[in-house]
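For reference, the structure discussed in these notes is given below.
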Amino acid sequence: MIQPERITSFNNQEPKGSYILYWMQSAVRTRYNHALEYAIERSNELKKPLIVVFCLDHSYPEATPVHYRFLWEGLQDVNRSLTERGIGFQILSGSPVDIIPRIADDACMMVTDQGWTRLQREWRQKVIDTAPCKVVIVETNLIVPVHVASPKEEWSAGTFRPKITRQLPAFLHPLICRHVQGESTDCEPFTGLPVGAEQQFTGKPLPEDTSTQFLPGGENAADHYLSAFLSETIDRYEATHNDPTAHATSYLSAYLHFGHISPLDIALRVMEHPGPGTNAFLEQLIVRRELSHNFVWYNPLYDHYEGLPEWTRKSLEKHRIDTREYSYTPADFEECRTHDRAWNAMQLSMIRTGYLHGYLRMYWGKKILEWTETPEDAYAIALYLNNRYELDGRDPNGYCGVAWCFGKHDRPWKERPVFGTIRYMNEAGLRRKFRLDGWVDRTLDLYS
């Protein structure tokens, strides 16, 4: 089922071209992809071949070879799956703003998936402004489209939860996989990169020793992790998901970021396993994740310190000149040169694996605030490190997670130096949750 609220149309023109173009960008998958299924519907209705393209922008901000490899593995899955379904697929090198309007010259309609960050929205708007055909944007990476869940930026999960919960019955429905009536694998109106040419894909050799050895990219790997979570982990999720040594998380965040798995697919499969962990997991997947998209969609300063709530900035301003027991430069943080072995191990884990457990990321971000001379610099450092080293960096969840460390979606707590009334975290809190020393020793031994 593709709900009408997922669909937004622009440039309503009569279809005159020779093919349907699906510009795949944020949803790099073939399963549970509303944009792909909508494009197949239009292809069958208009009796036009469907061509799917992905634009690789080599200058994408803060993207590293590690990110490119994860993305690349996802595109390989897409190529295999679309070929099996008889749908043509091309990878095109360059900015979508330059490429998509040009290749849409002979398209009778263009379909694309929704984006939320500033760059993603700018890309789509510029393409809409210059495309010679009808453009349809389809929301497929959220369970409830952001504008349907709420018409404004929400204060907290408490204000957002009842609003999105009311919408769920209309959107928690399976998506039917459609069959394309006319194959297009031999239809090549333009030439893309060879799907097997990794060096051409990134412009440089992809590194062998990367985080993908821990988390391989692609929808097949995402399905594997989801299946393992449901069969082995979900029943203990509620009790142990904040313990990094319990391995009680789904490891799906990076796959959601790259669009390698659908949150709707995850939610429906999780709901088939009722138990103590189901509601706790759905709270994170639906309420917390989609609240982060609400933040990025409605707050134009989501990646700036000035985008934080007024009360947090006032509180931090009051304590701006407080003495910091420790003070570090951006390079100190990036190169794991703090006095805190636990923090250094967290940063090292991010660098070596592209992953850091969510509970540890809270501590990691809070300490950057505590050990930096100004809150503005701390915010910029935390965003930079998260975007560069986390596989799920540059994502609404990541922007919101950093902002949470500075008080976003939270409430005032007991006032203290440096933090003001921002929630505080310390090492003693970690020790109450899990065996910290063992985790630190193992991490430093593995990755130093």
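Quick notes on this structure:
- With each label modelled as a point 7 angstrom along the Cα→C-beta vector, the K16-T130 pair spans 2.0 nm.
- Amide H contacts of F89 (H built 1.01 Å from N, in plane; Pro and chain starts excluded): V52 sit under 5 Å, all sequence-distant by 5 or more or on other chains.
- Evaluating 6.51 cos²θ - 1.76 cosθ + 1.60 at θ = phi - 60° for every residue in the range 99-105, the Karplus couplings come out as 8, 4, x, 5, 7, 8, 3 Hz, glycine and proline recorded as x.
- When each of R69, R80, R411 is scored by the number of other beta-carbon atoms lying within 10 Å, the sequence from fewest to most is R411, R80, R69.
- Backbone geometry of the range 256-268 corresponds, through the Karplus equation with coefficients 6.51, -1.76 and 1.60 at θ = phi - 60°, to 3J(HN,Hα) couplings of 5, 4, 7, x, 7, 8, 8, x, 5, 4, 4, 4, 5 Hz, x marking Gly and Pro.
- Dipole of the chain [Lys/Arg +1, Asp/Glu -1 at C-beta], most positive-end residue of G393, G277, W311: W311
- For S253, the shell of other residues with beta-carbons less than 12 Å away shows a net charge of 0, using +1 for Lys and Arg and -1 for Asp and Glu.
- Lys, Arg +1 and Asp, Glu -1 on Cβ, resulting dipole of the chain about Cα centre, debye, nearest 20: 1020
- Between L444 and S95, the contour length at 0.36 nm per residue exceeds the Cα-Cα span by 121.7 nm.
- Full extension of the chain between Y60 and R423 gives 127.3 nm of extra length, using 0.36 nm per residue less the Cα-Cα distance.
- Candidate cross-link partners of K314 among the lysines, defined by an alpha-carbon separation under 19 Å and a same-chain spacing of 8 or more, comprise K366, K408, K414.
- Basic side chains Lys and Arg get +1 at the Cβ, acidic Asp and Glu get -1 at the Cβ, and with that the dipole of the range 33-169 about its Cα centre reaches some 340 debye.
- Formal net charge of residues neighbouring N220 (Cβ-Cβ distance under 11 Å; K, R +1; D, E -1): -1
- Its Cα centre serving as origin, the range 305-447 has a Cβ charge dipole (Lys and Arg +1, Asp and Glu -1) of approximately 560 debye.
- Of the labelled figures [x] 16, 25, 15, 11, 10, 12, 8, 2, 0; [y] 24, 56, 19, 1; [z] 22, 53, 22, 3, 0, only one reflects P(r) over Cα pairs in 20 Å bins from 0, in percent as derived from the coordinates, namely [y].
Here, each number is a calculation from the coordinates, and none is a lab measurement. Everything numeric here is computed off the predicted structure, so don't read it as measured data. Cβ sites come from the backbone with ideal geometry, for glycine too, and all protein chains shown count toward neighbours.
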